[in-house]
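Every number here is computed from the coordinates shown, using simple stated rules; none is lab data. Values in this document were obtained by computation on a predicted structure and should not be read as measured data. Cβ: placed from backbone, ideal geometry, glycine included. Neighbour counts: every protein chain shown.
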Amino acid sequence: MIFTPEKCRIPDQRMKPFIDPDELWDILNETKPDKQAVRDVIAKSLEKNRLTLRETAMLINANDPELIEEIKEGARELKKRVYGNRIVLFAPLYIGNKCTNNCKYCGFRASNKEAIRKTLTDQEIVREVEALEDNGQKRLILVYGEHPEYNAEYIADNVRLVYGIKKGPGEIRRVNINAAPLDIDGFRIVKEAGIGTYQIFQETYHPEIYKTYHLGGKKRDFNYRLTSLDRAQEAGLDDVGIGALFGLYDWRYEVMGLIRHTNHLEACYHVGPHTISFPRIQNASMLDLGKDYTVNDEDFARLVAILRLAVPYTGMILTARENPKLRHEVIQFGVSQIDGGTKLELGAYSDSLNQEQDLNREQFQINDDRSLNEVIDELLENDYLPSFCTACYRRGRTGEHFMEFSVPGFIKRFCSPNAMLTLAEYLEDYAPADTKAAGWKVIEKNLNDLREQTDEKNAAELKSRLDRVKAGERDIYF
Ligand code: SAM
Ligand code: SF4
């Protein structure tokens, strides 16, 4: 199903900027929520329809506590209907923190002379990836500052290196990227290296406000960044992730910006972003922010629920920036991917650089430093199905030709079985005994649910594949 956006003041054209802040504010200011209208919007979303900007504004403006609860309940229900109980797990791997930009919120910015600069050598990358594989990770996101050294060829070399590192039963099956915007040729080069998603966060969708935070370097150009994922699409890289850094400007406006960006990609390329991220500002070395736009926990949960309802079939990522309690609370409103066992200091996974923990080595501080296994334990306790699935992109199911949630029965045929198969691998290869027991119980329960929801043949095929995993076979997927 392709979404047809409402007419926007700036028409959607490929490679052309599409944000008009007055338009987004006008819609926000003009939309008056009444109870019935808000309920109608929630009902529309529960039918898995994308919401328009006006409908999104209706949810944003619903300040009545009763309606806020209904929005959250709607998001909880939609997540169940669309995603079931799967949560995909990944880890970030910081490759280098050299940076020529000056983003006022970031510890890596060029003017921060306290920052200890480091780019991992190939040998250090191998050690880091081996340590991540020893923990059971299968999906990584490589993260970089913006620096001429970290060009497309360099990133592509890193990606190929990472895919080639195999330790014991370990391997990385999907490498995503969070790095500076590239030109079209650059995106082609990283696509050829076999990346999954290329994430670029706009940080704030307000062009004037943007200038006040981005004081120097290439990132100062709002429109070059805004159109970066258009260039990715032109290069044939159709798996992209967007995001806004919450705390830079009014959260209501940023939610509208994210939906406007989604509309633009859908209108021009017939495929929306694969994922939306909503990082909140965390403490960083020499953090230097002006006016306070801090998003409190209640508003944060609310904005996650609103995003879930606005884009029912887009993946949503919640990171270890948030503390375990808040992550537990917010996951239920529509998050589909989280990181586990996260470390941001360069070289920290293998501890091979023998460093003291120091904010000057990190981009910002994280608030969830649990191990991957601790995160998995909590998910299992709460009946979630942790997943390391990487099947779709390896089977070429990406972009316009494939939207997992628009294909009826897709989740039951592919996503849930693959989640179980990859969890089974983790349990067999890496989990301590109590996690293993709890995990197999969750798999049994999900297998039984699947048996009731689909035909017996599907469930029997999955059962036999799970037995093959138990017997030592690896990387089996639908
Ligand atoms: N240097 C590239 C860039 O700016 O696009 C790569 C991404 S940067 C290493 C990853 C993201 O971290 C940024 O896009 C920003 O949203 C987020 N970030 C930066 N400083 C942060 C802070 N103090 N707290 C939370 N997130 C932050
Ligand atoms: Fe550099 Fe990215 Fe940090 Fe900005 S957010 S200073 S571009 S690493």
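Return the loop-located trypsin sites (Lys or Arg not before Pro) in region 17-115 (DSSP other than H, G, I, E, B) with at most 13 other Cβ atoms within 10 Å of their own Cβ; answer none if there are none.
Qualifying residues, ordered by number: Lys113.
Helices from the chain with mean Kyte-Doolittle at least -0.5 and a Cα length along the axis of 15 Å or more, per DSSP H: which?
35-46, 152-164, 251-269, 297-310, 416-429
Could you list, in their original order, any pairs among Lys325/Lys412; Lys138/Lys219; Lys445/Lys470; Lys98/Lys191 whose Cα atoms are separated by more than 20 Å?
Beyond 20 Å: Lys325/Lys412; Lys138/Lys219; Lys98/Lys191.
Please identify the chymotrypsin sites (Phe, Trp or Tyr not before Pro) of region 18-118 that satisfy two criteria: DSSP loop assignment and at most 16 other Cβ atoms within 10 Å. Which are they?
Qualifying residues, ordered by number: none.
Which aspartates and glutamates does Lys80 reach when only Cα atoms under 13 Å apart count, and residues fewer than 8 places away in its own chain are ignored?
Leaving aside aspartates and glutamates fewer than 8 places away in the same chain, those within reach of Lys80 are Glu47, Asp383.
To check you understand DSSP bridge types, tell me what percent of the beta bridges within the chain (both residues inside) are antiparallel, rounded to 5.
Taking every DSSP beta bridge with both residues in the chain, the antiparallel ones total about 10 percent.
If you keep only loop residues by DSSP, which GluC sites (Glu not before Pro) in region 1-96 have at most 15 other Cβ atoms within 10 Å of their Cβ?
Of the GluC sites (Glu not before Pro), the ones in loops of region 1-96 whose Cβ has at most 15 other Cβ atoms within 10 Å are Glu6, Glu47.
Taking +1 at the Cβ of each Lys and Arg and -1 at the Cβ of each Asp and Glu, which of Ala179, Gly164, Ala152 sits farthest along the dipole of region 147-200 towards its positive end, judged by Cα position relative to the Cα centre?
Value: Gly164.
Rounded to the nearest 500 deg cm²/dmol, what is the calculated helix-only ellipticity per residue at 222 nm for the chain, with -39500 (n - 2.57) per DSSP H run of length n ≥ 4?
-13500 deg cm²/dmol
For the chain, what is the charge dipole size about the Cα centre, in debye to the nearest 20, if Lys and Arg each add +1 at the Cβ and Asp and Glu each add -1 at the Cβ?
The calculation lands at about 840 debye.
Using a 10 Å cut-off on Cβ atoms, rank the peptides 472-478, 290-296 from the highest mean neighbour count down.
Answer by packing, highest mean first, reads 472-478, 290-296.
What relative contact order, as a whole-number percentage, does region 408-470 give when Cα pairs under 8 Å and 6 or more residues apart are counted?
Result for region 408-470 is 44 percent.
Rank by packing, highest mean first: peptides 196-207, 446-457, 146-157, with packing defined as the count of other Cβ atoms within 10 Å averaged across residues.
Result, highest mean Cβ count within 10 Å first: 196-207, 146-157, 446-457.
With contacts defined as alpha carbon pairs under 8 Å and 6 or more residues apart, what's the relative contact order of the chain in percent?
The value is 19 percent.
How would you classify region 85-388 from its alpha-carbon gyration tensor, with a ≥ b ≥ c the square roots of the eigenvalues: rounded for a/c under 1.5, else prolate if a/b is greater than b/c, otherwise oblate?
rounded
Under 10 Å from the Cβ of Ala438, count the other residues' Cβ atoms, weight Lys and Arg +1, Asp and Glu -1, and hand me the total.
Net charge around Ala438: -1.
Under 4.7 Å Cβ to Cβ, no partner at all: give me those cysteines from the chain, in residue order.
Within the chain, the cysteines lacking a partner Cβ under 4.7 Å are Cys8, Cys99, Cys268, Cys389, Cys392, Cys415.
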